[in-house]
Amino acid sequence: MISDVKEIITKERMTGLFEKNREVIVKNDPTMVTRLRDTAFESFAGLGFPTTKLEAWKNTDLKEWLGKPYDYYFEPLPGMDVQEVFRCNIPHLDTAIIGQLNGWYVSKDVPLIKLGNGMILGSLAEAFKAYPELIEKHFGRYAITGKNSLTDLNTAFAQDGIFIYVPDGVHSPKPIQLINVIHHDENLFLQSRNLILLGKNARLSLVHCDDSYNHQASFSNIVTEVHLDEGAFLDHYKLQNLNNNSTLISNTDFQLEKGAELASTFITLNGGMLRNNTNVLFNGPDGTANIHGLYLMDRKQHIDNHVFVDHLAPGCISKEMFKGILDENASGVFNGHVLVRKDAQKTNAYQSNRNILLTDTAKVNSKPFLEIYADDVKCSHGSTTGQLDTEAMFYLMQRGIGPESARMLLMFAFANEIVGKIAIPELRHRIEDMIKKRLQGELQICEQCVLHCSTPEHPMEFDIDISKI
Amino acid sequence: MLLSIKNLHASIKGKEILKGINLEVNKGEVHAIMGPNGTGKSTLASVIAGREVFDVTEGEITYKGKNLLKLPVEDRAREGIFMGFQYPVEIPGVSITNFMRTAVNEIRKYRGLDPIAAIEFLKLMEENKRLVEIQSNLTNRSVNEGFSGGEKKKNEIFQMAMLEPTLAILDETDSGLDIDALRIVANGVNKLRTKENAFVVITHYQRLLDYIVPDYVHVLFQGKIVKSGKKELALELEEKGYDWIKKEFE
């Protein structure tokens, strides 16, 4: 195995590893990707890991999380049985599942498949070899080098991940479930890369899950690039349910061309240190982006949602709604930045962040921020942080409902404003169920969003007839 | 005796609002409590229901022979006390159906009963919706969210019908209602009147009492009940206003 084990994560370790293993890393690359890696590596070597001295990381300190010893692998681990990992599924949800184990694409037969309708699904490493023209056109174009050192690190190192291509005019007939499971006997540092491309007027529903399989610590630095060409529609869900020793840096860069539409929902149920960098660029006019988020945190968990929406083109609509419930010593950050450039007239932008703090020791830093250079725009933002509504509590209790049930009803109602917008009914019901359990403290990390192994009545073999998607 | 209040003093943030209330309510009776604004009518309702912002500094309340002041809010409700709110609270995201099913079942659990069967519950919902002339879609909406004033008050009576209280305290249920809504609300109350329950109707105006005929009328002024009588007292108040009360007791 090409690996480097049980070391803490430092700039020096990573630069050393890159120089030592560069040949292995670049072996599947189209030339342009290798060039990009070298540039990204130089950028990372200059910037290093982010510290709280940076404005964007002021309230999120990675030091403790980087300071654990982690293994790093340059090839897939001989892991557990793939069929065992992806055994279960959301009951009744008819999806195509593609899986990642420790950041590597897993497949039973073929690592990359082209369907009858032209869709391509599978391993990014394979796509590097099979579709270099698509890769050269899109890879690294949306997650741009030089802006974020963790993205640069990912660009330099990432060897595999998921590749999805939906050609012009094709509507994916089923939602695709992308499951990333972490399972290793030691602490693991992994970096995977996903590239999702929707052609003109293409449509796709994508459910993207990050799960742990045990309680071992992990540090994931994941970059997902998504391109929506003219008139494309993406319904995107990100479900995060990791163990308390997990660090997840999830960077998602969306670029929308003319008239494209994005609905993205981030549901964070568990994890140790979570940072979601979500960037949306309106590169063409008349696009729409609805970015929603819900986080339920307790213990010493930390969640940081950074959302940057760049209105480069006119006539686009962006709506952000993030809601959180924080209990015990949990902490949260919401940083929403909407940039309306000079030519982005008729922009309609809305940002909202609402938090409920259940204890005096839970805290939130909320910073919605509008930066506007156009004059004919409609923009608004709001942020509230408070306790459960005491008037509503009294009203419910006056009807005979005990304080615990009353709290539960109110918290669920608060969360449901986000969950209620989930367009796939089976997924919505599943998440409602998970949120109820989470709020009652009954959600186990082994009872993951898609690996719901406690419902054996709906076993799901990882034996999907992918040709029928 | 269902409810007995003796020398009740209550204050909020150190300011005394109730200054020695005495009141007795028996099963089968309807009591009206009237009085000018700001004399403590709503405070009295809140203290009986158990709202925590009020401190009871003196006196006692006995309900069904129990010391009511020792019971938490939810247990008072489970013992059969219902308060119709002057300003019903909007609770986005909680459906009336879910709210009522939770309430009915928690009350049943307290009384040692099994949860209500789904079909029985739906039947009960339908019956009680008809009672207050609620159009069918209301029950799937969030509690009071976006309701008109009339809808909110009808919804209070609907909830009362669902929970079948022994003692219902209606706090200015008539305020903000047009005559049709007032008639519907009063009609709901009248249909729920039995020999086994009692109502305390708090109102500023005599108008409601044309529809809900009380057995007793009390005038609350400056934190005390200064006058009690039969239903004719309400007519007298309607005719003369509250000024003569003020003159007499100020």
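The values are calculated or read from the model by the stated rules, or taken from the named source; none is laboratory data. These numbers were taken from a predicted model, which means no experiment stands behind them. Cβ coordinates were reconstructed from backbone atoms using ideal geometry, including for glycine residues, and neighbour counts include every protein chain displayed. What goes into the accessible areas is simple: the full protein's heavy atoms, side chains included, and nothing from ligands, DNA or RNA. Shrake-Rupley method; radii C 1.70, N 1.55, O 1.52, S 1.80 Å.
Listing for the model above:
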{"item": "Residue check for A:Glu391: open to solvent by 10 Å² or more (accessible area, probe 1.4 Å), over 24 Å from A:Gly441 (Cα atoms) and in a helix (DSSP H, G or I)", "result": "yes"}
{"item": "From the options A:Asp211, A:Asp286, A:Asp253, residue that is in contact (Cβ under 8 Å) with a residue 60 or more places away in the chain and surrounded by fewer than 24 Cβ atoms within 10 Å (Cβ to Cβ)", "result": "A:Asp253"}
{"item": "Matching residues, region A:18-48, being surrounded by fewer than 17 Cβ atoms within 10 Å (Cβ to Cβ) and either among the hydroxyl-bearing types (Ser, Thr, Tyr) or part of a loop (DSSP other than H, G, I, E, B) (or both)", "result": "A:Lys27, A:Thr31, A:Thr34, A:Thr39, A:Gly48"}
{"item": "Qualifying residue in region A:346-356 (condition: within 14 Å of another protein chain (Cβ to nearest Cβ) and more than 30 Å from B:Glu74 (Cα to Cα))", "result": "yes"}
{"item": "Residue check, A:Lys346 open to solvent by 40 Å² or more (accessible area, probe 1.4 Å), touching an Asp or Glu at 6+ places or on another chain (Cβ under 7 Å), under 30 Å from A:Gly287 (Cα atoms) and assigned by TED's automatic domain parsing to the domain that holds A:Ala289", "result": "yes"}
{"item": "Strands (runs of 3 or more DSSP E) wholly inside region B:22-134 containing at least 3 residues that are open to solvent by less than 80 Å² (accessible area, probe 1.4 Å) and more than 20 Å from A:Gly400 (Cβ to Cβ)", "result": "B:30-34, B:54-63"}
{"item": "Positions within region A:47-63 being over 17 Å from A:Asn365 (Cβ atoms) and in contact (Cβ under 8 Å) with a residue 24 or more places away in the chain, in sequence order", "result": "A:Leu47, A:Gly48, A:Phe49"}
{"item": "Whichever residue in region B:213-250 is among the small types (Gly, Ala, Ser) and within 28 Å of B:Leu192 (Cβ to Cβ) and, among such residues, is surrounded by the most Cβ atoms within 10 Å (Cβ to Cβ)", "result": "B:Ala234"}
{"item": "Given (1) farther than 15 Å from B:Asn98 by Cβ; (2) modelled with pLDDT of 95 or more; (3) within 14 Å of another protein chain (Cβ to nearest Cβ), number of the condition A:Lys378 does not satisfy", "result": "(3)"}
{"item": "Strands (runs of 3 or more DSSP E) (entirely within region B:138-250) containing at least 1 residues that are more than 14 Å from chain A (Cβ to nearest Cβ), small (Gly, Ala, Ser) and touching a Gly at 6+ places or on another chain (Cβ under 9 Å)", "result": "B:198-202"}
{"item": "Number of the exception - A:Leu178 against (1) open to solvent by 10 Å² or more (accessible area, probe 1.4 Å); (2) out of contact with any helix residue (DSSP H, G or I) (no Cβ under 9 Å at 6 or more places or on another chain); (3) in contact (Cβ under 8 Å) with a residue 60 or more places away in the chain", "result": "(1)"}
{"item": "Which listed residue, of A:Leu153, A:Leu190, A:Leu204, is under 30 Å from A:Ile424 (Cα atoms) and in contact (Cβ under 8 Å) with a residue 12 or more places away in the chain", "result": "A:Leu204"}
{"item": "Test: residue in region B:178-198 that is open to solvent by 10 Å² or more (accessible area, probe 1.4 Å) and at positive phi", "result": "no"}
{"item": "Every residue from region B:135-145 that is in contact (Cβ under 8 Å) with a residue 24 or more places away in the chain and either open to solvent by 30 Å² or more (accessible area, probe 1.4 Å) or of a type in the set (Asp, Glu) (or both)", "result": "B:Asn140, B:Arg141, B:Glu145"}
{"item": "Options B:Glu145, B:Glu196; residue that is under 17 Å from the mean Cα position of the chain (by Cα), acidic (Asp, Glu) and more than 26 Å from B:Leu235 (Cβ to Cβ)", "result": "B:Glu196"}
{"item": "Criterion violated by B:Asn26 - all others in (1) in contact with a Gly (Cβ under 7 Å, 6 or more places away or on another chain); (2) closer than 23 Å to B:Gln206 by Cα satisfied", "result": "(1)"}
{"item": "Residue selected from region A:1-17 under the condition open to solvent by less than 50 Å² (accessible area, probe 1.4 Å) and under 25 Å from the mean Cα position of the chain (by Cα), by the criterion farthest from A:Val333 (Cα to Cα)", "result": "A:Met14"}
{"item": "Test: B:Val201 is open to solvent by less than 10 Å² (accessible area, probe 1.4 Å) and at pLDDT 90 or above", "result": "yes"}
